[in-house]
């Protein structure tokens, strides 16, 4: 058997190409660029570069999507550990050499482009977890050493990401890992141990959070509980974004006509709060369309997980989908005031090259799993 | 194949879990949709009212930027305000009213005014569209009478930077400008927004965090017509701190006015502390051109000027130190023992090495020269020989000890390091080691060697103060608006050269005789009643050119740079001066008189003029 990860029959793979999912992703990204355009117009000439850059990132994303779709995802089973190690090294070097933007050290500067390893770390965690969880006899996790091994795989990068400091990404990472663990299942023994631990730890965590969270992180959590307490500081974001969303009503105020957006009442609106811009200008209808696009994407991804050829494929797909799902849930929830403002981008839509590329890599992996569901290499 | 088949799984093992996950996803999406329904459809109207009323309107209170003063408290950069008239397209009710009311006082014709308004309608609706900047107070008084009745027009006072002394100290004080996209990205949430001003060069840039101050805000209640009803809460802006320089602007002005050549630099420091007394880079520019923003034409002409007026030559001008480097070579040779203080060579006017002839500046030769005489008369052949004996690495070691070839650490971060060639450097960049012929030229400060005027100033200061290499500084202190000192400068000794006293006094004696002796090259810097120590330098711009008959026949850009370093250390106030005149000819001829005038002015002595003999 030739040891190749590329399909020999190109025509059949084009036919099997996951058009549905990919077009869905590109649509979301285009909606994102349109919203970024609207969000950055009030910044004047400084804002224009955001649209240009995001368009460039989208083009690169589509190229990667097509390229990786034709690569057998099982290459990740083989090389996954190296990807993980590479990302880990990148995370460590970012905390040493990275450049400080907005008070956080998250980027590695390559001159022309900046690379944010934490965005890709989520994907790396999914890959190693899928590898480790598929490479065992089926059944709920019941072995402590196994659990601790997998926990370490998640916690090491998560700790580095937290110190950047990027709490949002660390939370998203943990939620993705928990989702994958639950998907595999936990034995009753483990469940009861976790429940016992929780009873002991919750007070400890409360005290710990008081000491270890940075001031702005604490403020965000507190203002989530009561936004009116600090209407001009941290609560300002939540109040203004709710006004933006609410005032959009059914049909929205129209493209470029959102007063909250255009009058700059919204902060960081081209990145984390892009959904607020979108819902102010396109209203309930527009929001439903976006959320439906995300839901279809996620359900389609789960269907791919269901039909994957092997356990690795199933777990990989579930992990990938979990990344997108948790980003959407946290981001939209945070903009609408349902969850604390933790700084998580809206996949595909928010401004940011690393976030967009990693979302497209997720799509590419799903597409690769989908197009190989029945084939066997021959 | 068997392995592959075993990979294939019964399709239903995970089926139930996938279904459960799908249901969870649907439920979460439903929850989001319900919240959305709630916000947009049920409470939408009240949020819409809030958006229209903008009751929680946050006004930014920009902080007044700190001023920059000279050491006597004379303002070098301060705030002034200008007015900008803008229209808000979304709020215009009747464009004709605007044309009627504003065209005249602004000096626009009604047609032009109409076309401006039409143009503005394309812009985003609620962003103010500036139609005239830099409006004078007179015009403002005309406008104010109307402004209350007409909607869609706003007049904003914007502070901008004023530099009362124009060109004086332009490179050191620097300029401010509107924040650029990349600066905005870098500053992140530190509080800059598009349109804010930020220091772009010089002290304005280096001390941005102190000068800027802290933005305040005011929460005001506004009614539907946009009128301010009441100020609810308010945090006043914290004004920026003032920066006080070490430079006395009247001395600086004298130096700048004395420097009449086309291009070059002067740096004067207090050798004991490293305090900079004057720092001149010519040509300069008027920083007021940049404020509030520079016109495209002015920017182009400054940027394309072949003499690069925007560059601060004192810290970024790279010049071969030429014969001023002989001080380094001499100290290296004495310390390394490659030459005895009393040993002498014969200078025949040239040195032949591997078929190549290296000439002395004096073609007739200096005859028998000792180290002392070779420094006083700046004999090249003597130092060719020393360069050959020492080799580049040993010379580089002493050059580095004097602080050459690396940034001096002055507060201006644009400073260039210069270059002191070593075998390691040559190997890395050219793949070969330094040849003997190159050692010869390094010995007299030519070849690859490049230094900045401020490095030479610190080298001279070290000779004046007994071997302490000081960190030069421009900022004396930073004071808050209330007058308390936030930061006070203390002199920093970077390291001590630990010179051998005998060698040291030898070099100092030679430097004194450069000025005092009849044959000394720096005789034009002689000031009766003051002991001046000096060394001249004439750095070649083009290599191995046969000497022409006179300097006047050589094209400007091929003429030699005139260099001169000098210090006075037997007075209560000491000074070390470096003068670099680009393409100025001989160091002793053009740079030395300039240094003399500067030193005379510093000590309040009358200029004795050129020595008559």
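The values are calculated or read from the model by the stated rules, or taken from the named source; none is laboratory data. Quantities reported herein were computed from a predicted structural model and do not represent experimental measurements. Virtual Cβ from ideal backbone geometry, glycine too; neighbours counted across all protein chains shown.
Looking at the range A:186-200, can you tell me whether even one residue there is over 26 Å from residue A:348 (Cα atoms) and within 14 Å of chain B (Cβ to nearest Cβ)? Checked against the condition, which is being over 26 Å from residue A:348 (Cα atoms) and within 14 Å of chain B (Cβ to nearest Cβ), the range A:186-200 yields at least one hit. Scanning the range B:154-196 for residues that are outside any loop (DSSP other than H, G, I, E, B), at pLDDT 80 or above, away from chain A (no Cβ under 14 Å) and in contact with a strand residue (DSSP E or B) (Cβ under 8 Å, 6 or more places away or on another chain) gives B:161, B:162, B:171, B:172, B:173, B:176. Just one of the listed residues (A:299, A:256) is facing another protein chain (nearest Cβ under 8 Å), in contact with a helix residue (DSSP H, G or I) (Cβ under 7 Å, 6 or more places away or on another chain) and at pLDDT 90 or above, namely A:299. Is the range A:271-278 home to any residue that is within 11 Å of chain B (Cβ to nearest Cβ) and in a helix (DSSP H, G or I)? Scanning the range A:271-278 turns up at least one residue that is within 11 Å of chain B (Cβ to nearest Cβ) and in a helix (DSSP H, G or I).
Residue B:339 fulfils the conditions (1) touching a helix residue (DSSP H, G or I) at 6+ places or on another chain (Cβ under 6 Å); (2) crowded, with 20+ Cβ neighbours inside 10 Å; (3) under 19 Å from residue B:523 (Cβ atoms) except for a single criterion, (3).
Evaluation of residue B:389 against the conditions (1) touching a helix residue (DSSP H, G or I) at 6+ places or on another chain (Cβ under 6 Å); (2) modelled with pLDDT of 90 or more; (3) on the phi < 0 side of the Ramachandran plot shows that the sole unmet condition is (1).
Only a single criterion out of (1) under 24 Å from residue A:60 (Cβ atoms); (2) surrounded by fewer than 24 Cβ atoms within 10 Å (Cβ to Cβ) is not satisfied by residue A:370, namely (2). Do we have residue B:272 as more than 26 Å from residue B:79 (Cβ to Cβ) and within 23 Å of the chain's Cα centre (by Cα) here? It is false that residue B:272 is more than 26 Å from residue B:79 (Cβ to Cβ) and within 23 Å of the chain's Cα centre (by Cα).
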